[in-house]
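Notes follow once the structure below has been shown.
Coordinate-derived values only; no laboratory data. No experiment lies behind these values; they were computed from the predicted model shown. For neighbour counting, all protein chains shown are included, and Cβ atoms are generated from backbone atoms with ideal geometry for every residue, glycine included.
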Amino acid sequence: MPCWLMKSEPDEFSIRNLEELGYSRWDGVRNYQARNFLRAMAEGDLFFFYHSSCATPGIAGIGRITRAAYPDPTAIDPNSAYFDMKAKAEKNPWSAVDVGFVERFDTVLTLPQLKSHPALSQLPLVQKGSRLSVMPVGEAEWHVILAMR
DNA sequence: GCCAACGTTGGC
DNA sequence: GCCAACGTTGGC
């Protein structure tokens with residue numbers, strides 16, 4: 001089963017928000033490479049929930065894909081912060097998935113911790129300058145990260 | 001708040 | 001198709 005990592009700013013949407021809600025739509029992705037990964041996801045895939053742009057950037061928990069990619073409604077909603085003028089209902093280039101809560105880590109697995117592990121050096125997350133917000137995680141990497149929690 | 005790195009836009 | 005300018009991401 002493919003595994004993933006997705007970034008969210010916890011001020012916007014955190015692992016606690018997902019825990020409280022139980023499920024959510026994962027929308028607002030506006031990068032083609034990240035969108036293509038969204039489209040490669042299947043129901044049942046697991047992902048690491050990463051907190052970015054915050055006091056302690058790192059992996060905060062685990063979620064599950066509960067619905068495969070579909071057109072992102074926020075792209076055609078003028079009231080949404082993610083509205084895209086160029087998107088139309090009949091031609092919407094952006095995708096969203098639905099996700100469910102799986103687990104919240106007791107403590108965030110911090111970016112420096114992740115960077116310190118040699119087995120994770122190929123993960124785009126830890127590479128210099130990488131801004132990719134949705135990325136695949138290899139099975140070996142997945143288990144390494146799980147063991148670090 | 002700063003700024004390096006990246007992706008996108010648009011003139012040519 | 002090139003590439004400079006711009007806007008955004010995201011760690012620090």
Report the net charge of residues surrounding A:GLY58, where surrounding means a beta-carbon distance below 12 angstrom and charges are Lys +1, Arg +1, Asp -1, Glu -1.
+3
Taking the Cβ of A:LYS91 as the centre, find all other residues whose Cβ is under 14 Å away and add up their charges (Lys, Arg: +1; Asp, Glu: -1).
-1
If each residue of separation counts as 0.36 nm, what is the full-extension length gain between A:ALA68 and A:TYR23 once their alpha-carbon separation is subtracted?
14.8 nm
Taking the Cα-to-Cβ direction at A:ASP106 and at A:MET148 and moving 7 Å from each Cα, how far apart do the two end points lie in nm?
1.8 nm
To the nearest 0.05, the calculated FRET efficiency linking A:ALA40 and A:ASN79 through their beta-carbon distance, R0 being 25 Å, is 0.25
Helix axis angle, A:139-148 relative to chain A longest principal axis, alpha carbon, degrees
60 degrees
Please list A:76-88, A:95-107 highest first by mean number of surrounding beta-carbon atoms within 10 Å per residue.
A:95-107, A:76-88
Near A:CYS3, within a Cβ-to-Cβ distance under 13 Å, what is the net charge of the other residues, with Lys and Arg +1 and Asp and Glu -1?
-2
Set of aspartates and glutamates near A:LYS115 by C-alpha distance (under 20 Å), chain-local residues within fewer than 8 positions excluded
A:GLU9, A:ASP106, A:GLU139, A:GLU141
Per the 1/(1 + (r/R0)^6) rule, R0 = 22 Å and r from the Cβ atoms of A:ALA89 and A:ARG131, FRET efficiency to 0.05 is 0.15
Can you tell me which lysines have their Cα less than 28 Å from the Cα of A:LYS88? Leave out same-chain residues fewer than eight positions away.
A:LYS7
Considering the Cα positions of region A:1-91, please state its Rg to one decimal place and its Dmax as a whole number of Å.
13.6, 40
